[in-house]
Amino acid sequence: MRHDCFLPRFSPWRRSPSCALLVIALPSAIAADWPQFRGPAGLGRAPEGDPPAAWTDAENVVWRTELPGPGASSAIVVGKKVFVTCYSGYGVPGGEGADPERLRRHLLCLDRETGKIAWTREVAAPLPEEQYRSYQALHGYASSTPASDGERVYVFFGKAGVLAFDLEGKELWRESVGDRTHGWGSGTSPVLHGEHVIVNASVESGSLVALKKVDGKKAWTAPGMTSSWNTPLVVEANGRPETVVSVRGRLRAFHAATGEELWNCEGIPDYVCPSVIAADGIVYAIGARSNSSLAVRAGGKGDVTQSHVVWKLSRGSNVSSPVYHEGHLYWASESRGVVYCVDAKEGKVVYEERLQPSPDRIYASALVAGGKIYYVSRTEGTYVLEAKPAFKLLARNAFTEDRSIFNATPAVCDGRLYLRSDRYLYCIGKKG
């Protein structure tokens, strides 16, 4: 994850029902905007609207815009603008791919109503870049979703750094957060809190880095981001903003304003791609080949493994992040084609069902909107389920004219989905 026309401003705090934990939205974002990865609070939940359950190449497609290159990042929506990233010049499936010196990353701005590209900004890749092969080739070089505070757009392009643009495309600053690469690529997305842009630069420097929004200067840095490909989540517990990130073997929380480590606990015993979520004072983490998940009360101090871990479960996901809805957690297994519903309070499996036909791999994270759960597979379309603790498949939507890869998590706004593939960005909704 909200995106859309300018509406009256809203409170920067979204209260959970218990008021024990507040999920921090963006203070200057607009109520209907979808300003970062997985939405205003990074939770993958649309606060309003009822997107279609079904679509085809012709039905319920408001517009489709061809992109200048592939990518795995999600779109974001800010007022009347849609922003998305892609790359070109090297590692393009079925096209360019021989010369890394031609690699360029792009930030695109599109008109939300028409899909017309308003402007494009191009950023060269500092070499050497990781070669286009193996796991890097599964998602490419534009896997980080932009973030916006309604005045600027912030992008993270791996070793090329973090860049800030105004909404008209003027580059305001750029700052390196490390120069390392990895064979699996880079893909965490920036999050905003207060005056800071926070980036999990696990690949680039092994650090969690906070930059000042005004000029890109480093505000604080926290080391120890080991084998971590997930986007941080900012929550508030006990009156303080906590930046929570999942790393190999630990779940760690830092003060969002200062970088001070607040608490940690035993976590996922492997590399971690899924981002954490939170609800009702509880942080939920799932992960990796260890096929595990856990729930931890936020707001602790020091090692809280013995005091704050609520439950652990031997179910998980290697890539896709979970979503919380009405007391339950939902997520999809990356490669098994299995979707889960878990009681969020007890950590008990409510259902464990295999999608049919088989979805191949699912890298996109779960999205809840209009009482439905959307799971986007890489090659077999989008599976739409009822957001209830009883398995019911409503639709499977696959385009016949676009057989490219779909890695990105959808964005949603005003009852419209913004779904991107390696070829196109789609606006899906009821026309008119």
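The values are calculated or read from the model by the stated rules, or taken from the named source; none is laboratory data. Please read all numbers here as calculations on a predicted model, not as lab measurements. When we count neighbours, we look across all protein chains shown, and the Cβ atoms used for this are built from the backbone with ideal geometry, even at glycine. In case anyone asks, the SASA skips ligands and DNA or RNA and just uses the protein heavy atoms, side chains included. Shrake-Rupley method; radii C 1.70, N 1.55, O 1.52, S 1.80 Å.
Quick notes
- Residue among G39, C427, N264 farthest towards the positive dipole end of the chain, charges placed on Cβ: N264
- Cβ-Cβ FRET estimate between D360 and A98, R0 fixed at 35 Å, reported to 0.05: 0.80
- Magnitude of the charge dipole, the chain, Cβ model with Lys/Arg +1 and Asp/Glu -1, debye to 20: 400
- Lys, Arg +1 and Asp, Glu -1 on Cβ, resulting dipole of region 92-222 about Cα centre, debye, nearest 20: 160
- Exceeding the 31 Å Cα-Cα cut-off - candidates K159/K392; K213/K312; K81/K345; K81/K212; K372/K431; K312/K392: K159/K392; K213/K312; K81/K345
- Per residue, the chain exposes an accessible area of 36 Å² to a 1.4 Å probe, with every protein chain left in place.
- Counting protein heavy atoms only, the chain has 48 percent of its accessible area on carbon and sulfur, 1.4 angstrom probe.
- The charge dipole of region 107-156, taken about its Cα centre with unit charges on the Cβ of Lys, Arg, Asp and Glu (plus for the first two, minus for the last two), comes to roughly 100 debye.
- Between region 343-369 and region 240-269, the Cα center-to-center distance that results, in Å: 26
- Given R0 = 30 Å, the distance between the Cβ atoms of R180 and D111 translates into a calculated FRET efficiency of 0.20.
- Peptide packing for 289-299, 349-359, 142-152 was compared via the average number of neighbouring C-beta atoms within 10 Å per residue; ordered from the highest value, the list is 142-152, 289-299, 349-359.
- Computing volume of the Cα convex hull per residue in Å³ directly from the structure and comparing it against (i) 118; (ii) 241; (iii) 193 singles out (i).
- One decimal place: the segment K431-E346 gains 26.4 nm when fully extended, by the rule 0.36 nm per residue minus the C-alpha distance.
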